[in-house]
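Note sheet for the following structure.
The values are calculated or read from the model by the stated rules, or taken from the named source; none is laboratory data. All values reported here derive from a predicted model rather than from experimental measurement. Please note: Cβ atoms are built from the backbone with ideal geometry, for glycine as well, and neighbour counts cover all protein chains shown.
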Amino acid sequence: MEQQGDVLLYQSNDNGEIVAEGGVIQMSNGLETSAYLSLFGGQEQDDGRENNPHNWWGNLGETPDRQYRSETQYLLRSIPSVPANLRRIEDAARKDLGWMLSTGVASELAVEASMPALNTVRIAINVNGDTALEFTENWRAEI
């Protein structure tokens, strides 16, 4: 059986998961996996600064426009879980997903962050006005 696309990753309480049924891994032809990796696939201690010693090892041979920085992931572990910080999360997510605009994958990108529960953030992403992606993550800043 030939499978095409990307392995579908989804967010769970303990990070990314895949679905395997009958020995077959669920795949996706959409943007879910690349968006997930952009937001949560880098090094947790990488704050997005250039020459950060905590930059993800997979970025070392890549040009800056092809690096996973995952500033969103970093902020969710480093700033307080308060509504005032939702704008910072949105800005980080737009930055992490900026490659979609710069490469032409998307012509429009909208990001909205909300707090559906205590210490939880929901990041809703709309690509080109017709593709909706949503990630719910624990906000576990250790301050």
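The figures follow:
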| item | result |
| --- | --- |
| So ASN55, is it assigned to a loop (DSSP other than H, G, I, E, B) and out of contact with any His (no Cβ under 6 Å at 6 or more places or on another chain) | yes |
| Test for VAL127: is it surrounded by fewer than 20 Cβ atoms within 10 Å (Cβ to Cβ) and more than 11 Å from the chain's Cα centre (by Cα) | no |
| Residue count for segment 57-88, restricted to those that are at pLDDT below 95 and of a type in the set (Lys, Arg) | 3 |
| Pick from segment 90-123, criterion of a type in the set (A, V, I, L, M, F, W, C) and within 11 Å of the chain's Cα centre (by Cα), ranking: farthest from GLN67 (Cα to Cα) | ILE123 |
| Helices (runs of 4 or more DSSP H) fully within segment 65-143 counting 1 or more residues that are farther than 14 Å from TYR36 by Cα and touching a Lys or Arg at 6+ places or on another chain (Cβ under 7 Å) | 71-75 |
